[in-house]
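Engineer: Sharing a structure with you now.
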Amino acid sequence: MKILLAEDCENNVLLVQLYLKSFPYSIDVAENGSQAFDYFQRNEYDVVLMDIEMPVTDGYEATTLIRDFEIKNERTKTPIVAVTAHALPENEERAYEVGCDFFITKPVRKADLISTVQKYGAGEAT
């Protein structure tokens, strides 16, 4: 499974990598939403883990860019999971409005991350 992790905090990147290290996953790491969109245009991913609050381009805008790119290029919709410390209902609603498929809050528990990646990365939830 190929994962795009859009996350600007190195500690969070290391945590996700640690949680998923025993699985046969390839993880590309983007430090901001702009870089995530660049990676997305050049590669195909099974799932995107999208931090919401990032520099340059935030996760909301990056998700919108990805969804527009998929439509314009007739690509199959890739599951995008919003991963954020902002747990307010309006944050979750906005994530779904821009095209995220699921929403999880930080700090992310290992079991929750693994089950989410397996569910959405395997296409079971799309």
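The values are calculated or read from the model by the stated rules, or taken from the named source; none is laboratory data. Keep in mind the model is a prediction, meaning the values are calculated, not measured. Using ideal geometry, Cβ is built from the backbone for each residue, glycine included, and neighbour counts are taken over all protein chains shown. For the accessible areas, the whole protein counts, side chains as well, though only heavy atoms, and no ligand, DNA or RNA atoms are used. Shrake-Rupley method; radii C 1.70, N 1.55, O 1.52, S 1.80 Å.
Engineer: Loop by DSSP (not H, G, I, E, B), at most 16 other beta-carbon atoms within 10 Å: where is the longest site-free stretch of the chain for GluC sites (Glu not before Pro)?
Structural biologist: 75-123
Engineer: While we're looking at this one, here's another question. How many Å² of accessible area per residue for the chain, probe 1.4 Å?
Structural biologist: Per residue, the chain has an accessible area of 53 Å².
Engineer: A further question follows. What is the percent carbon and sulfur in the accessible area of the chain, measuring with a 1.4 Å probe over the protein chains and ignoring ligands?
Structural biologist: 48 percent
Engineer: Right, another one. Quick check for the chain: number of Lys pairs with alpha-carbon distance under 24 Å, counting only pairs 8 or more apart or on different chains?
Structural biologist: Pairs that pass both the separation and distance tests number 12.
Engineer: Over its Cα atoms, what ratio of radius of gyration to 2.2 N^0.38 Å does the stretch 11-89 give?
Structural biologist: Here the answer is 1.10, to two decimals.
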